Amino acid sequence: MYENIYRKYLLPLFETGLKRRQTLKYWDHAEDSQWWSLEGLEVHQFKALQKLIYHAGETCPYYKELFKSKKLDHKNLGSFQKFSNWPLLTRELITQNRESISSKNKYQRIQKSTGGSSGEPLSFELSMESHERRTAMTHRGYGWAGGAPGTRQLYIWGSHVGELPKWKHWKQELHQRFNNHKIISCFEFTPEKMFEHVETWNKYAPEVIVAYTNPVYEFARFVQENQLDVIPPKSIIVGAEKLYDHQRELIQNVFQAPVFETYGSREFMLIGAECDRHSGLHLSMENLYVEILDDDGNPTPNGEEGNIVITDLYNYAMPFVRYVTGDRAVAGFEKCTCGRKLPLLKKVIGRQLDILDTPDGRKIPGEFFPHLIKDFPAIKRFQVNQAGVEKINLKIVVTDDFRTDEQNILIKLIRECIGDAVVLELDIVEDIPLTKAGKHRVVVKQSL
Ligand SMILES: [Zn+2]
């Protein structure tokens, strides 16, 4: 009921009437264009790309200089293939050239920043149009999971509700009621609070859960261990952190609802999302041009893992042209059986976890640890720390079921992988703090 009123009257009144935004127009358009032919979508995408590059070359001093020095004609891109030789943009380059990457044209600008799992903060700008278009992409993508605006949604999210000043708290409360949202903060995951959260969930009876991956996984484990009952939602949308297969399985089993994976970032918002076929992530291709490249900047062969590089087609205030996101995915875009022609990103690997080095020259991929530890159900959360090569420290938060022999097996298995030349410390701790954004860092490597 509320969903219909919200979609038909309240949202248009707020977005178009009050805020004078074009979001709903873009959303309508995106609902239509997802069914276009792939060729049609590509023509549309290439036109937008050409327009953006022309704009960047004309109005952004950084790009003007760069294109000139590389003898690249921003007025004539030619083809996607030719564009694949154009220079890449990194987080460091943005930080060093922030002013000159910005367009000299006037825009209503929105300031954004990201802490980044890598710990290097980035601040950037986007134009209002870009904000509206990316919001439209999110509405559409969440809609595939049954979570379009107006549905009753419970967020398990990084939110500091308790610390806000009163007026801000009320503003947020109103905003949530209007949007039919409720938020559970993943910063408050003590056992007492978790019982409260279960109550909140059941009282609110959400249709859709929108969550950071690790907190909802942790929550599912808590519900399972304590044999609690929760009202099953229709779907669970996860994002912000990598989703492992074993996590999806457990979340689905405990909450009796399908999990929809999404992939997004502060820089671009929703990059891809699953439809009900769950066979990959449909790209937000009307808004973004996504490439998968190897470490030398060449296109990655299909089936192999590479770096995700994105061009935002509409951020005219501060164009992101071939931006290296720091995330990785398996190359090769596929077709979906659902009929949408938006290509599927087969598998997002997520941010490449730090590789650990040992004194005898071994390179241990960070992914080793989540894969190993998933087989120890009594370990609730963990973090690997390495400062220098001599020592690896593993912190674990465990349940009462954790046995000494499990601990010995764990140490033995890690030892087999890391060798004898490195000191291994295992600490059982009460808690592992989240990052400021509410994310959980699995591997932390500090360079000395
Ligand atoms: Zn599909």
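For the condition more than 16 Å from the ligand (Cβ to nearest atom), at pLDDT below 80 and either touching a helix residue (DSSP H, G or I) at 6+ places or on another chain (Cβ under 9 Å) or closer than 23 Å to residue 407 by Cα (or both), what is the one hit in 353, 372? Reasoning before the result, please.
Numbers: 372 fails: at pLDDT below 80.
The unique qualifying residue is 353.
Of all residues in region 371-394, which are under 18 Å from residue 190 (Cα atoms) and more than 25 Å from the chain's Cα centre (by Cα)?
Matches in region 371-394: 378 only.
Tell me the strands (runs of 3 or more DSSP E) entirely within region 316-427 that contain at least 2 residues that are surrounded by 16 or more Cβ atoms within 10 Å (Cβ to Cβ) and among the small types (Gly, Ala, Ser).
Details: elements: 323-334, 344-351, 379-387, 391-398.
Ranges flagged: 323-334.
Residue by residue, here is whether (1) within 16 Å of the ligand (Cβ to nearest atom); (2) over 21 Å from residue 42 (Cα atoms); (3) open to solvent by 10 Å² or more (accessible area, probe 1.4 Å) holds:
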residue: 242; (1), (2), (3): no, yes, yes
residue: 246; (1), (2), (3): no, yes, yes
residue: 259; (1), (2), (3): yes, yes, no
residue: 268; (1), (2), (3): no, no, no
residue: 276; (1), (2), (3): yes, yes, yes
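Could you list, ordered by first residue, the pairs with Cβ atoms under 7 Å in which the first is in region 324-342 and modelled with pLDDT of 95 or more and among the charged types (D, E, K, R) and the second is near the ligand (Cβ under 9 Å from one of its atoms) and outside any loop (DSSP other than H, G, I, E, B), at least 6 apart or interchain?
Note: pairs meeting the criteria are 340/282.
Out of all the residues in region 303-315, is one or more open to solvent by less than 20 Å² (accessible area, probe 1.4 Å) and either among the charged types (D, E, K, R) or in the same structural domain as residue 420 (by TED's automatic domain parsing) (or both)? Even if it seems obvious, please write down each step before you answer.
Taking region 303-315 and keeping what is open to solvent by less than 20 Å² (accessible area, probe 1.4 Å), we get 306, 308-313, 315.
Cutting the leftovers down to either among the charged types (D, E, K, R) or in the same structural domain as residue 420 (by TED's automatic domain parsing) (or both) gives us 312.
Yes - at least one qualifying residue is present in region 303-315.
Answer yes or no as to whether residue 348 is in contact with a Lys or Arg (Cβ under 8 Å, 6 or more places away or on another chain) and either among the β-branched types (Val, Ile, Thr) or farther than 23 Å from residue 274 by Cα (or both). Spell out the reasoning first.
Values: in contact with a Lys or Arg (Cβ under 8 Å, 6 or more places away or on another chain): yes; either among the β-branched types (Val, Ile, Thr) or farther than 23 Å from residue 274 by Cα (or both): yes.
Yes; evaluated as a whole, the condition is true for this residue.
Being out of contact with any helix residue (DSSP H, G or I) (no Cβ under 8 Å at 6 or more places or on another chain) and either at positive phi or at pLDDT below 95 (or both) is the requirement here; does residue 24 meet it?
Numbers: out of contact with any helix residue (DSSP H, G or I) (no Cβ under 8 Å at 6 or more places or on another chain): no; either at positive phi or at pLDDT below 95 (or both): yes.
No; evaluated as a whole, the condition is false for this residue.
The values are calculated or read from the model by the stated rules, or taken from the named source; none is laboratory data. Model, not experiment: these values are computed from the prediction. As a convention, Cβ positions derive from the backbone with ideal geometry for all residues, glycine included, and neighbour counts pool all protein chains shown. Calculation scope for accessible area: heavy atoms of the full protein, side chains included, ligands and nucleic acids excluded. Shrake-Rupley method; radii C 1.70, N 1.55, O 1.52, S 1.80 Å.
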